[in-house]
1. Quick one: is residue B:318 part of a helix (DSSP H, G or I), at pLDDT below 95 and either more than 22 Å from residue A:25 (Cβ to Cβ) or at the interface with another protein chain (Cβ under 7 Å from one of its Cβ atoms) (or both)?
2. Quick one: which of B:180, B:156, B:211 is part of a loop (DSSP other than H, G, I, E, B), surrounded by fewer than 24 Cβ atoms within 10 Å (Cβ to Cβ) and in contact (Cβ under 8 Å) with a residue 24 or more places away in the chain?
3. Quick check on this structure: which one of A:51, A:40 is within 30 Å of residue B:434 (Cα to Cα) and either in contact with a strand residue (DSSP E or B) (Cβ under 7 Å, 6 or more places away or on another chain) or touching a residue at least 24 places away in the same chain (Cβ under 8 Å) (or both)?
4. Please go through the stretch B:183-208 and give me each residue that is at negative phi and in a loop (DSSP other than H, G, I, E, B), ordered by number.
5. Output yes when any residue across the stretch A:3-19 is facing chain B (nearest Cβ under 7 Å), closer than 20 Å to residue B:326 by Cα, touching a residue at least 12 places away in the same chain (Cβ under 8 Å) and in a helix (DSSP H, G or I), and no when none is.
6. Let me spell it out: the conditions are (1) more than 7 Å from chain A (Cβ to nearest Cβ); (2) surrounded by 17 or more Cβ atoms within 10 Å (Cβ to Cβ), and residue B:324 meets all of them except one. Which number is the exception?
7. Check B:161, B:186, B:207, B:165 and return the single one that is under 15 Å from the mean Cα position of the chain (by Cα) and more than 23 Å from residue B:446 (Cβ to Cβ).
8. Is it true that some residue in the stretch B:233-240 is in contact (Cβ under 8 Å) with a residue 24 or more places away in the chain, within 14 Å of chain A (Cβ to nearest Cβ) and more than 30 Å from residue A:65 (Cβ to Cβ)?
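The values are calculated or read from the model by the stated rules, or taken from the named source; none is laboratory data. Because the structure is a prediction, the values reported are computed rather than measured. All Cβ positions, glycine included, derive from the backbone under ideal geometry; neighbour counts span all protein chains shown.
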């Protein structure tokens, strides 16, 4: 397990797509170092041969009949869009 | 105070409605009037729609007059945590990100409550995206504890617990990822049930940590919890983690399942950090079970101390993935001053999320990032297996486990500014989510300062009927819930 100093806040914020202010970076780095130090305790546990648990009661292979069902109307689907025009969501230019 | 309609349990009100002693419109008006009187101080609601509630109540009265009552919940006003979708109503998660979002559809639990005739009432405050233990992380306002307005109501479902305690609803729904139903229930003197993972559909619940989240009821009595649970359970093909299991009659089980039970007391939950008054109140409840002839046995859950660490790896990892959908494109907050599409993601998320949500996304992104996945996430999932195994081993010997719900009664607003101190509040409730078990908090006393204390009963997977019967054996013989706050 790593030591908390490894936490490169710029790299992580970039992966998370969140712009942080310098104040937030300083504050979060210190707070997360605290939390990670606490989490280091997990190193003490012997997990040799232990299977990981992703879900307490895993449900596998949930199939649904391939039947068309009515969904939201265009009006309902676009109701919460920040910007829309002609039944489409407007976004900034994505090609150069 | 207890004679007021707005302070009565569902079971009593259902009888009054059925006998036509009262109407749903009268009951709903009483709840609305109470809310308008006290919510300025309690601040449990993000919003409510009185015209809509009264229209639902009038429809309920018309059904009953025509002899077509839908049962015990028909005409009962039920508040909904503001992470559960109700068609045409706001759905904010107490976040700026969703401040203007309006639900285009009903959550499955909402639809089920409507099918049962309930009056869907109001949107209840929470810690932003259900991340927190005090409701102080709401982007809008902090909900107050009705028993002491300087104290927190707990969280994240603080609005759901406080509204019920204050008489602003007859029951409420919340969601529980690491204790978010049971902890505020304990702090506000109400019953709070987190069902077994997979028993209640999460379709229409805003996702926080998908392997842990469950929806559950807040009520005044265990009997009411049985009534409300009955209405919301069941397999749902729109939630792929929904479990197919036989659903018993929970309310009938309160009478048919009589014990005496074998109850386990895990020493790890009664150690350092437990407030002496909380310990004493829970011990008195244990003594009551003993007086009923129950066998009280010590059990051990040796991996308890790792619960908080495992939780904050798994929950943050899952939240960093779930919350990636809030990108300012299809819905939610969009930054007004972005230069291009990538800048739009960064700025929309920076402006839309509050500090705790950002912290958790950052932590979750870190533990999942290349080079750290095995050390953190995979190891946490393995320790999770051991925590779950601890409980299953204990259930070879006992029917249920009794613990305090929280280490202390409600704390003052602002008292836990350090995130780690706040995370440690959930030490007794987290294991239940990691193991996927049902857990219920039941009022069991008050501190010398007049603050409520709750005990937690932890049951076996999908055995809510037994858990409720055990909880009811105590609850039906005590009347802590009748001690309503002075507001």
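1. So residue B:318 fails the test.
2. Matching residue, one of B:180, B:156, B:211: B:211.
3. None of the other options fit; the residue is A:40.
4. Passing the criteria: B:188, B:190, B:195, B:196, B:197, B:199, B:201, B:202, B:203, B:206, B:207, B:208.
5. yes
6. The failed condition is (2).
7. Values: B:161 fails: more than 23 Å from residue B:446 (Cβ to Cβ); B:186 fails: more than 23 Å from residue B:446 (Cβ to Cβ); B:165 fails: more than 23 Å from residue B:446 (Cβ to Cβ).
That would be B:207, the only listed residue that is under 15 Å from the mean Cα position of the chain (by Cα) and more than 23 Å from residue B:446 (Cβ to Cβ).
8. No, the stretch B:233-240 contains no residue that is in contact (Cβ under 8 Å) with a residue 24 or more places away in the chain, within 14 Å of chain A (Cβ to nearest Cβ) and more than 30 Å from residue A:65 (Cβ to Cβ).
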